[in-house]
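Report on the following structure.
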Amino acid sequence: MNPMRIAGIILLVLGLAGLLTGGFSFTKNTTKAEIGPLKLQVQEKESVNVPQWLSLGAMLVGGVLLVLGFKR
C-alpha cells in the first residue's frame, strides 16, 4: 500500500467517525485553591463539536486520495 491510499483511508475513517459522533468530550482537572497542604481540585467536563462540513470535507479529500492512490 502506498502512503496516498493509507492517508485516504485514514481521512475517510476520521470523517465518518466525526459525522456519526458529532464531537467528543474530555475531563479536565483544575486546581481552584491551594492552602498549605490542602488542595481543592475540580473536574470540568469539556466538549468539542465537530462541524458536519469538516467531516464531509475529510471524507471527500480521503476519497480523492484513495482514487488517486489506485491510479498510480
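The values are calculated or read from the model by the stated rules, or taken from the named source; none is laboratory data. Please read all numbers here as calculations on a predicted model, not as lab measurements. With ideal geometry, Cβ positions are generated from the backbone for all residues, glycine too; neighbour counts draw on all protein chains shown.
Taken over the stretch 21-72, the criterion of being under 27 Å from N2 (Cα atoms) and exposed (fewer than 10 other Cβ atoms within 10 Å of the Cβ) is satisfied by K71, R72. Residues that are assigned to a helix (DSSP H, G or I) and surrounded by fewer than 11 Cβ atoms within 10 Å (Cβ to Cβ) were ranked within the stretch 1-20; the one that is nearest to the chain's Cα centre (by Cα) is L20. For first residues located in the stretch 14-40 and closer than 20 Å to L54 by Cα, partners that are among the polar types (S, T, N, Q) and lie 6+ apart or on another chain with Cβ distances below 7 Å form the pairs G15/S55; G18/S55; L19/Q52; L19/S55; G22/N49; G23/S47; G23/N49; S25/S47.
Against the test of being at pLDDT 90 or above and not in a helix (DSSP H, G or I), the options E34, E44 yield a single qualifying residue, E44.
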